[in-house]
Amino acid sequence: MKQSQLRAIPAVDKVLQALGDAGLPRPLVLDVVRRELAGLRKGKSIPEFDGVVAQIRDALCDLRNSRIRPLINGTGILIHTNFGRAPLAERVIEAVSQIGANYNNLEYGLAGGRRGGRAGYLERSLAVLCGTEAATVVNNNAAALVLILRHFCDSRGGGKSAPGKNEVVISRGELVQIGGGFRIPDILETSGARLREVGTTNRTTLRDYSRAVGRETALILKVHRSNFFMDGFVESPTPEQIAALARSKRVPFVEDLGSGAMIETEKIAGLEHEPTPAEVIRRGVDLVCFSGDKLLGGPQAGIIAGKAKRIDALKRDPFFRALRCDKLILAALEATAEIYLCGEPNLPALRMLRMTVDELRHRAQTLCEALAGLPLRATVGAGQAQIGGGTLPRSALESVTLDLAHHSIPPQELAARLRDQPLPVIGYVARGTVKLDLRTIFRDQDAALLAAVRAACNS
């Protein structure tokens, strides 16, 4: 670009004056302005001043929208990874608020008046909840799996396991991909483990496992197919059979359970059975790991439960410190575990699962009546809610939707306007309408939902 053209790039102060109050801290606004003006130097031409300001406003809007804030989830996906997975219970929020606002006994023994252990109450609670000898927590389930693999696999020549023991025996049918493009094989290799794949995609026998276990075997890993299912000509040995083989070969047997359900999901209409950590442990697994923010209904965490000697060994591993949770996560998990231990769990995700269609339909009718007089058609529709979060892939819940069709605005534009509200409303477009699934919209959000729809129609 010629020097004469570069002179057309406006001064920073002039742009800042034209922007006025951008609703962001001034240092952030200044940074965006400087970056955008510097980017103009790489273009073929310089827009007019108003065009430059408009471009910077768009960049500031993008930055503003990237802040984490609440929204109304009308997608019908309960454990939505993009929306922060499981919402927390009020009791959990209160616990986090109390601990976050005060000093606390995170690593202080009140009885002895000196430095104490960390997360002892939580670990005991999780162990009781899972029916295991011991339990511990790291920052997510992928980290839990990496910690287990790093500890039991010797990829550095000597160490925690016998020299050369770094093979992980796993069925080819369980080499799954989880959210965000993360693949189990990649996670395993990151930990320094070597995969020993057995069987085929659809059929793995106990003999396949037996033939694969040798002097280099560090552990047998089973990965629960929580985000997909196979049907038809399929076969796999039971956990009890694999556990018996692992004991006879003296190698650990570990299962990555994924979702971490603590209830009998099959008792809810529309849901299939999801194995619980306690069930897996009873079937002979040495260690089980699962997520804290899926069906458990707590914060993001990776929970490991099983035999005490295995858990103690993991906690002594130097890598454990790099993965441990902070005071807020520990407080949230404590409160979540207590909800289960005190009786029938009343967690937001579980309440959404148990809502009846009649209850949802009554809410939808009330909302439709409240929207009368607006330039749109609001009707009660039918939906199929999903669990999400890589959980119960065959399960679907009958649900009810609020269907919105504006008289003059296309449905895609109406959906965009709803997303652009101070409290964004996220739904989906189907059959020429914007559909908002009420199963994933909290009842106390109904007033805010009505306000958002009215604002979207009038903007």
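The values are calculated or read from the model by the stated rules, or taken from the named source; none is laboratory data. Being a predicted model, the structure only gives us computed values, none of them experimental. As a convention, Cβ positions derive from the backbone with ideal geometry for all residues, glycine included, and neighbour counts pool all protein chains shown. These accessible areas exclude ligands, DNA and RNA; they are computed on the full protein's heavy atoms, side chains included. Shrake-Rupley method; radii C 1.70, N 1.55, O 1.52, S 1.80 Å.
One line per residue, one yes/no per condition, for (1) open to solvent by 20 Å² or more (accessible area, probe 1.4 Å); (2) farther than 26 Å from residue 81 by Cβ; (3) in a helix (DSSP H, G or I):
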site: 351; (1), (2), (3): yes, no, yes
site: 380; (1), (2), (3): yes, yes, no
site: 395; (1), (2), (3): no, no, no
site: 408; (1), (2), (3): yes, yes, no
site: 418; (1), (2), (3): no, no, yes
site: 439; (1), (2), (3): no, no, yes
site: 447; (1), (2), (3): yes, yes, yes
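Close contacts from segment 46-72, counting a first residue that is within 20 Å of residue 27 (Cβ to Cβ) and a second that is of a type in the set (Gly, Ala, Ser), with Cβ to Cβ under 6 Å and a gap of 6+ residues or different chains, come to 53/18; 60/22.
Selection over segment 102-123 of residues that are open to solvent by less than 40 Å² (accessible area, probe 1.4 Å) and under 27 Å from residue 295 (Cα atoms) gives a count of 3. Among the residues making up segment 356-384, those that are within 30 Å of residue 268 (Cα to Cα) and acidic (Asp, Glu) are 358, 359. Of the set (1) at pLDDT 90 or above; (2) surrounded by 13 or more Cβ atoms within 10 Å (Cβ to Cβ); (3) under 30 Å from residue 386 (Cβ atoms), all apply to residue 217 but (3). Within segment 202-214, does at least one residue satisfy the condition of being surrounded by 13 or more Cβ atoms within 10 Å (Cβ to Cβ), closer than 30 Å to residue 339 by Cβ, small (Gly, Ala, Ser) and at pLDDT 90 or above? Within segment 202-214, none of the residues are surrounded by 13 or more Cβ atoms within 10 Å (Cβ to Cβ), closer than 30 Å to residue 339 by Cβ, small (Gly, Ala, Ser) and at pLDDT 90 or above. Just to be sure, is residue 339 modelled with pLDDT of 95 or more and either among the small types (Gly, Ala, Ser) or part of a helix (DSSP H, G or I) (or both)? Yes, satisfied. For the structure I just gave you, tell me whether residue 329 is closer than 17 Å to residue 139 by Cα, at pLDDT 95 or above and more than 21 Å from the chain's Cα centre (by Cα). Here the answer is no, as residue 329 does not meet what is asked.
Do we have any residue at all in segment 328-346 that's within 16 Å of residue 401 (Cα to Cα), of a type outside the set (A, V, I, L, M, F, W, C) and in contact (Cβ under 8 Å) with a residue 60 or more places away in the chain? There is no residue in segment 328-346 that is within 16 Å of residue 401 (Cα to Cα), of a type outside the set (A, V, I, L, M, F, W, C) and in contact (Cβ under 8 Å) with a residue 60 or more places away in the chain. Scanning segment 124-148 for residues that are open to solvent by 40 Å² or more (accessible area, probe 1.4 Å), touching a Leu at 6+ places or on another chain (Cβ under 7 Å) and not hydrophobic (A, V, I, L, M, F, W, C) yields a single hit, 139.
Helices (runs of 4 or more DSSP H) fully within segment 1-109 that include at least 1 residues being over 30 Å from residue 346 (Cα atoms): 3-6, 12-19, 26-40, 49-65. The residue list 331, 313 contains one member that is open to solvent by less than 40 Å² (accessible area, probe 1.4 Å) and within 23 Å of residue 252 (Cα to Cα), which is 313. Here segment 300-310 is the region considered, the condition is being open to solvent by 30 Å² or more (accessible area, probe 1.4 Å) and not in a helix (DSSP H, G or I), and the residue that is nearest to residue 140 (Cα to Cα) is 300.
Take the conditions part of a strand (DSSP E or B) and open to solvent by 40 Å² or more (accessible area, probe 1.4 Å) and apply them to residue 401. Does it pass? No: the conditions fail for residue 401.
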